[in-house]
Amino acid sequence: MNNNLALECRNITKTFGRVYANKNCSLDVKKGEILAILGENGSGKTTLMNMVAGIYFPDSGKIFVNGQEVLIRSPKDAFEQKIGMIHQHFKLVDVFSAVENIALGVDDGNKYKLSNITKKVIEITQRYGFIIDPEKKIYDMSVSEKQTVEIIKVLYRGADILILDEPTAVLTPQETEKLFAVLRRMREDGKSIIIITHKMHEVLSISDRVAVLRKGEHVSTVNTAETNETELTEMMMGEKISLDITRSEPVNSVPRLEVKNITSFNEEGRKVLDDISFTAYSGEILGIAGIAGSGQRELLESIAGLHNLAEGEITYFDPITNNIENLRDKTPLQIRDLGVRLSFVPEDRLGMGLVGNMDIIDNMMLRSYTKGKSAFLERKEPKDLADKIIKDLNVATPGATTPVRQLSGGNVQKVLVGREIASSPSVLMAAYPVRGLDVNASYTIYNLLNEQKVSGVAVIFVGEDLDVLLELCDRILVINSGKITGIVDGRTAKKEEIGLLMVKSTETEGEEK
């Protein structure tokens, strides 16, 4: 037995019904190292780590901690083995302070005294370089502060093995660097850290080794210093994949959509859009960057007629009729029929745009049934479209008559995005179109968006990955707290510049370049 191993998984298998989530999966984590786990969507990364964290129990296989075989049947068992997992969706009580959340559920045999707990929390923050106010309420915290609380929470419980699931998904580049600095200090202190991520450049910058999973099986574990992005992608996909985003120069660009001084409030009366102005041009991709919840969703929904405006104008220049249309006067159906399409991919993919109990063909018909010429629905065109999307985007499904709810999240997403692109819009708004997709499918979507741009469509793209925004977009609009903090050139801007704009004070309105 190797005494340098903190954790070892041997021949772990887990099935859900007849589907293998993990099959004879074996990997190990050394003491004092950062291991990245990489794999396409549905490759079993999170399922495997959920078994280590006690959320699932393996059907077969063994788990060893510090060389000893252990049974982990619950998160409590995992904590007893000094294993802690930080999930994508934080499990915090909003009305409690940081220190109260950290102390929740801990029974160490000592009398509960908040001042003693606070002292221990401060010791942990100083040891690893965290920046957090122990007395601050969760509802007043930024995303990165909440994540810090979650990490301190598992350290407070004595975790020596930390699992982080997509830890940088909603962080700015500056916040990501701070997190990585903390993780490196924890590694130096002997902690073993496992990171599940889709972001290849982060894998290469933070990890010591990379474990690659494909279709539930462990393909290989390699030293990070001895590999590269292309090799890792080929291991993930099992074939050579082109990771180039083709960005053409805009040609014959004319204004297609003009947003002027729009302001909007949510149901609680909070201002979610604050004096937003910009122009989207035909034949270009306008990116929108911002920390999650900065108003991206409300902005696109306002253009699509789904969100009421308090002030401002949205003007559409129709390329077919040459008419100038005021979209504030239009219903969502009228806006859609003009050629302004919204493909929004929220976390709940079935919450907008698709009906889970309907099959893929019927979901295609949702966009066209009002144009029928008789009382009977015509299914040939929707079927042809469904078959084309399944083929072009490699949708994993038994067939076009499969109910959408039976598809994986990533495949649901392909159906949603593919349907909107296939509608030949003149303005296409794509929000988080690759969220949760594997590398190959993501690049397919990027190139489809660029094809739309080349054909003269004005594309508005909301993304989470700044590297992709910089590679794909012609201009990038940065939004913070519902207000534009800047519009930059996608070809010359730096990631750090966009990161600063994402957290910039919005006292001064950004000007369009």
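The values are calculated or read from the model by the stated rules, or taken from the named source; none is laboratory data. Predicted model, so just to flag it, every value in this text is computed and none were measured. When we count neighbours, we look across all protein chains shown, and the Cβ atoms used for this are built from the backbone with ideal geometry, even at glycine.
Residues that are out of contact with any Lys or Arg (no Cβ under 9 Å at 6 or more places or on another chain), under 23 Å from G490 (Cβ atoms) and crowded, with 23+ Cβ neighbours inside 10 Å occur at least once in the range 275-288. Restricted to the range 17-27, and to residues there that are in a strand (DSSP E or B) and either without any contact (Cβ under 8 Å) to a residue 12 or more places away in the chain or among the basic types (K, R) (or both), the residue that is nearest to I194 (Cα to Cα) is K23. Restricting to the range 28-62, and then to whatever is in a strand (DSSP E or B) and crowded, with 21+ Cβ neighbours inside 10 Å, can you tell me which residue is farthest from the chain's Cα centre (by Cα)? Only one residue fits best here, namely V29. Contact map, the range 137-152: first residue not assigned by TED's automatic domain parsing to the domain that holds S294, second residue part of a helix (DSSP H, G or I) and of a type outside the set (D, E, K, R), Cβ cut-off under 6 Å, separation 6 or more or different chains; pairs are V149/A98; V149/N101; I152/I102; I152/I124.
Of the helices (runs of 4 or more DSSP H) lying entirely inside the range 414-513, those containing at least 3 residues that are at pLDDT below 90, farther than 16 Å from S253 by Cβ and not hydrophobic (A, V, I, L, M, F, W, C) span 439-454, 495-502. Pairs linking a residue in the range 491-503 that is surrounded by fewer than 21 Cβ atoms within 10 Å (Cβ to Cβ) to a residue that is aliphatic (A, V, I, L, M) and modelled with pLDDT under 90, with Cβ atoms under 8 Å and 6 or more positions apart or on different chains, are K495/L466; V503/I291. Within the range 252-271, being surrounded by fewer than 21 Cβ atoms within 10 Å (Cβ to Cβ), more than 18 Å from D318 (Cα to Cα) and not polar (S, T, N, Q) holds for F265, E267, E268, G269, R270, K271.
Just wondering, is there one or more residues in the range 159-169 that are part of a helix (DSSP H, G or I) and surrounded by 12 or more Cβ atoms within 10 Å (Cβ to Cβ)? So far as the range 159-169 goes, no, none of its residues is part of a helix (DSSP H, G or I) and surrounded by 12 or more Cβ atoms within 10 Å (Cβ to Cβ). Counting the residues of the range 278-302 that are under 20 Å from the mean Cα position of the chain (by Cα) and either in a loop (DSSP other than H, G, I, E, B) or not assigned by TED's automatic domain parsing to the domain that holds L470 (or both) gives 6.
Scanning the range 112-126 for residues that are basic (K, R) and closer than 15 Å to I151 by Cβ yields one hit, K120. G305: assigned to a loop (DSSP other than H, G, I, E, B), surrounded by 14 or more Cβ atoms within 10 Å (Cβ to Cβ) and either in the same structural domain as M49 (by TED's automatic domain parsing) or at positive phi (or both), yes or no? Yes, satisfied. Just one of the listed residues (L309, L300, L257, L286) is touching a residue at least 40 places away in the same chain (Cβ under 8 Å), of a type in the set (A, V, I, L, M, F, W, C) and touching a Cys at 6+ places or on another chain (Cβ under 8 Å), and it is L286.
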